[in-house]
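Report on the following structure.
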Amino acid sequence: MRTGFARRALIRAPLFLLALLLISLGAKLAPWGVGIVIFAIGLALILPRESLKATLHTGAVAHHKVGDPTGPAGVGAVLRSESGEVIGEISKSIGVSTNTVADYSALIEGLEMALDNGVDEIEVYVDSAVVAGHLVDGHRVRADHLRPLVEQVRQQLDSFVTWSMTRVPRKLNLESNQLANRAIVGAVSQGSSRWRLMFDQLPQPESPTTLQGETS
């Protein structure tokens, strides 16, 4: 479990100062009635609220020819509350990409969805060995094109109060991968005849893995 208290404190410091200012102003204006409202607003800004916990499953699919690390790609993500209720889903085509870039794109999209929904504590589940290697096991990022993506994810994770990340087998991450594949199919059906022809000629494995020849 990782924490981002320092970063969260820096973000919330201006809000805390504003709350103190409103409380002080409200106390001075209390005799005129409106001060009570201002005081209440300031107090509400600093009172602790219940932390929102959630789980996030992200996955990606990239269909490609043998020897070519790129192909039509899609990303998927499912965000659930602590009780299991679906907070949000993502099913998005990202054009032509590699598996690893698609996996990182799915994670970035999913974390952004969690932050937009006010999630404070998050448990993330991914099936990419490369992503888990970089972010969980501390493996060195050798590919230059992946470094900005890794840094973006790390910055997003630091925005949560606590976070954890676990690599799971692809069979336990089917929902997000189905959303990713659905996005590809939708993009192909709406695309040009050339795009559809390229997709029809590609192998479509049930469980795409990290591509040979793609540096991590």
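Some notes on this structure:
- No other residue among V153, V131, V101, V126 is buried (at least 18 other Cβ atoms within 10 Å of the Cβ), under 20 Å from A60 (Cα atoms), touching an Asp or Glu at 6+ places or on another chain (Cβ under 6 Å) and of a type outside the set (G, A, S) apart from V131.
- Highlighted here are the helices (runs of 4 or more DSSP H) found entirely within the stretch 138-216 that include at least 3 residues which are modelled with pLDDT of 95 or more: 147-158, 174-190.
The values are calculated or read from the model by the stated rules, or taken from the named source; none is laboratory data. Here the structure is a predicted model, which means the values were calculated and not measured. As a convention, Cβ positions derive from the backbone with ideal geometry for all residues, glycine included, and neighbour counts pool all protein chains shown.
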